[in-house]
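Peer 1: What follows is a single structure, and I will ask about it in a moment.
The values are calculated or read from the model by the stated rules, or taken from the named source; none is laboratory data. The model shown is predicted, which means the values in this text are computed figures rather than measured ones. Note that we place each Cβ from the backbone using ideal geometry, even for glycine, and neighbour counts take in every protein chain shown. To get the accessible areas, we keep the full protein, side chains included, count just its heavy atoms, and leave off ligands, DNA and RNA. Shrake-Rupley method; radii C 1.70, N 1.55, O 1.52, S 1.80 Å.
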Amino acid sequence: MTVGQESICRVCPHRKDSVFSELTESRLEEWCNLKTVTLYRKDQRVFYESEPSLGLHIVCSGRVKLSRSSPMGRKQILAIEEPCGLLKENDLFRSERHTVTAEAMDESVVGFVTRDDFHAFLRKNPSVALRMLDHLAVELERVEDTLHSFVTMDVTRRLADLLLRLADRHGRAIPEGRLIDVALTREEWSEMIGTTPETVIRVLSAFRKGGMIAEHDKRVILLDEGRLKRTACYGAPSSG
């Protein structure tokens, strides 16, 4: 459902960390005028893998997960994007079709700018182009880290590493520790580290019994990040 067009970018609390942070008010207004915004319900698809990539999608509110399916139909969650997150923006430069599926994790508003309008805007705004290059470099590093974990780590280490990375990106401090403020099912956890839900249940239970994490309302609280880091580096959690 398309919702009212308005300059929500101007009042967005996340803009300072986005690729649009250095735009002047007039350039920001120009950007907002290029954009259409659509409301997606929980579990609704923003776009599908292999669909034509027609432009840039930006998360305005809510959360959107990006996933890819193997030829055997097994799904892997590659990323979770929050407000000001760009949805697989490299498809605009290297592919005419989406290489992932984007799905709203909760009620989300997503902006869209056509490919031609976005490319023209980049040419007129080199600060955005430079920030985009920096953003793509960070995304590449994140992909390399994920690939490294799959190649070199067992499931226990991969899950500990994922908890730490999610806390860095989606965490907030609370009295007990650091809350990963994303509600994930056991299936979604398994799709992020390439294992089964049953294995995720077993490893999370071990982390919980070891005092490294707590869980509340499908969210994980990191209680002992030091031990989680040691587990991610060296394997099975120690007793102290």
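Peer 1: Applying the selection to segment 83-99, what residues are crowded, with 18+ Cβ neighbours inside 10 Å and either touching a helix residue (DSSP H, G or I) at 6+ places or on another chain (Cβ under 8 Å) or charged (D, E, K, R) (or both)?
Peer 2: In the first step, residues of segment 83-99 are kept if they are crowded, with 18+ Cβ neighbours inside 10 Å; the result is 83-89, 91-92, 98.
Selection gives C84, L86, K88, E89, D91, L92, H98.
Peer 1: Residues being open to solvent by 60 Å² or more (accessible area, probe 1.4 Å) and either at pLDDT 95 or above or among the charged types (D, E, K, R) (or both): count how many of those fall in segment 216-240. Working first, answer last.
Peer 2: Step one: list which residues in segment 216-240 are open to solvent by 60 Å² or more (accessible area, probe 1.4 Å), which gives 216-218, 223, 229-230, 233-234, 236, 239-240.
Next cut, either at pLDDT 95 or above or among the charged types (D, E, K, R) (or both) only: 217-218, 223, 229-230.
Residues meeting the conditions: 5.
Peer 1: Let me ask another. If I filter segment 71-80 for residues that are surrounded by 17 or more Cβ atoms within 10 Å (Cβ to Cβ), within 21 Å of G171 (Cα to Cα) and touching a Leu at 6+ places or on another chain (Cβ under 6 Å), do I get at least one hit? Break it down stepwise before answering.
Peer 2: First pass over segment 71-80, keeping only residues surrounded by 17 or more Cβ atoms within 10 Å (Cβ to Cβ): 76-80.
Cutting the leftovers down to within 21 Å of G171 (Cα to Cα) gives us 77-80.
If we keep only those that are touching a Leu at 6+ places or on another chain (Cβ under 6 Å) as well, we get 78-79.
Yes, segment 71-80 contains at least one residue that is surrounded by 17 or more Cβ atoms within 10 Å (Cβ to Cβ), within 21 Å of G171 (Cα to Cα) and touching a Leu at 6+ places or on another chain (Cβ under 6 Å).
Peer 1: Which condition breaks for L184 when tested against (1) modelled with pLDDT of 90 or more; (2) within 16 Å of I80 (Cα to Cα); (3) assigned to a helix (DSSP H, G or I); (4) open to solvent by less than 50 Å² (accessible area, probe 1.4 Å)?
Peer 2: So L184 meets the others, but not (3).
Peer 1: Report yes if D134 is touching a helix residue (DSSP H, G or I) at 6+ places or on another chain (Cβ under 7 Å), of a type in the set (D, E) and part of a helix (DSSP H, G or I), otherwise no.
Peer 2: Working: touching a helix residue (DSSP H, G or I) at 6+ places or on another chain (Cβ under 7 Å): no; of a type in the set (D, E): yes; part of a helix (DSSP H, G or I): yes.
So D134 does not fit the description; no.
Peer 1: Here's a follow-up. Consider S18 carefully, then state whether it is hydroxyl-bearing (S, T, Y) and more than 30 Å from P197 (Cβ to Cβ). Reasoning before the result, please.
Peer 2: Working: hydroxyl-bearing (S, T, Y): yes; more than 30 Å from P197 (Cβ to Cβ): yes.
Taking the combined requirement at face value, the residue satisfies it.
Peer 1: Here is a follow-up. Any idea which of R208, R230, R157 is under 23 Å from L78 (Cα atoms), assigned to a helix (DSSP H, G or I) and of a type in the set (K, R)? Steps first, answer last, please.
Peer 2: Values: R208 fails: under 23 Å from L78 (Cα atoms); R230 fails: under 23 Å from L78 (Cα atoms).
Exactly one of R208, R230, R157 is under 23 Å from L78 (Cα atoms), assigned to a helix (DSSP H, G or I) and of a type in the set (K, R), namely R157.
Peer 1: Related question: Which residues, counting only those in segment 165-178, are hydrophobic (A, V, I, L, M, F, W, C), open to solvent by 20 Å² or more (accessible area, probe 1.4 Å) and either touching a residue at least 40 places away in the same chain (Cβ under 8 Å) or assigned to a helix (DSSP H, G or I) (or both)? Talk me through it step by step, then tell me what you get.
Peer 2: We begin by selecting, within segment 165-178, every residue hydrophobic (A, V, I, L, M, F, W, C); these are 166-167, 173-174.
Filter once more, so that each one left must be open to solvent by 20 Å² or more (accessible area, probe 1.4 Å): 173-174.
Within segment 165-178, I174 is the sole residue that qualifies.
Peer 1: Let me ask you something else. Taking the stated definitions as given, is S149 in contact with a Pro (Cβ under 6 Å, 6 or more places away or on another chain) and open to solvent by less than 20 Å² (accessible area, probe 1.4 Å)?
Peer 2: On the way: in contact with a Pro (Cβ under 6 Å, 6 or more places away or on another chain): no; open to solvent by less than 20 Å² (accessible area, probe 1.4 Å): yes.
For S149, the condition - in contact with a Pro (Cβ under 6 Å, 6 or more places away or on another chain) and open to solvent by less than 20 Å² (accessible area, probe 1.4 Å) - is not met.
Peer 1: What pairs come out if I take residues in segment 33-46 that are at negative phi and pair them with residues that are assigned to a helix (DSSP H, G or I) whose C-beta lies under 7 Å away, six or more apart or interchain?
Peer 2: Hits for this filter: L34/D117; L34/F121.
Peer 1: Being touching a strand residue (DSSP E or B) at 6+ places or on another chain (Cβ under 9 Å) and either over 18 Å from D91 (Cβ atoms) or surrounded by 15 or more Cβ atoms within 10 Å (Cβ to Cβ) (or both) is the filter here, so list the residues in segment 115-138 that pass it. Step through it out loud before you land on a result.
Peer 2: Start the filter on segment 115-138 by keeping residues that are touching a strand residue (DSSP E or B) at 6+ places or on another chain (Cβ under 9 Å), which leaves 115-118, 121, 132, 135.
Within segment 115-138, R115, D117, F118, F121, M132, H135 meet the criteria.
Peer 1: Next question. Looking at this structure, is M105 over 15 Å from R142 (Cα atoms) and open to solvent by 60 Å² or more (accessible area, probe 1.4 Å)?
Peer 2: Numbers: over 15 Å from R142 (Cα atoms): yes; open to solvent by 60 Å² or more (accessible area, probe 1.4 Å): no.
For M105, the condition - over 15 Å from R142 (Cα atoms) and open to solvent by 60 Å² or more (accessible area, probe 1.4 Å) - is not met.
Peer 1: Would you confirm, using the coordinates I've provided, whether V109 is within 21 Å of K42 (Cβ to Cβ), in contact (Cβ under 8 Å) with a residue 40 or more places away in the chain and in contact with a Phe, Trp or Tyr (Cβ under 9 Å, 6 or more places away or on another chain)?
Peer 2: On the way: within 21 Å of K42 (Cβ to Cβ): yes; in contact (Cβ under 8 Å) with a residue 40 or more places away in the chain: yes; in contact with a Phe, Trp or Tyr (Cβ under 9 Å, 6 or more places away or on another chain): yes.
Yes, satisfied.
Peer 1: Return the only residue of G177, G171 being at pLDDT 90 or above and at positive phi. Reasoning before the result, please.
Peer 2: On the way: G171 fails: at positive phi.
When all the criteria are applied, what remains is G177.
Peer 1: Still on this structure, please answer the following. Identify, from the list S26, S21, S50, the residue that is open to solvent by 20 Å² or more (accessible area, probe 1.4 Å), in a loop (DSSP other than H, G, I, E, B) and modelled with pLDDT under 90.
Peer 2: On the way: S26 fails: in a loop (DSSP other than H, G, I, E, B); S50 fails: modelled with pLDDT under 90.
The match here is S21.
Peer 1: Also: For segment 21-39, how many residues meet the condition of being out of contact with any Asp or Glu (no Cβ under 8 Å at 6 or more places or on another chain) and over 24 Å from E103 (Cβ atoms)?
Peer 2: The qualifying residues number 12.
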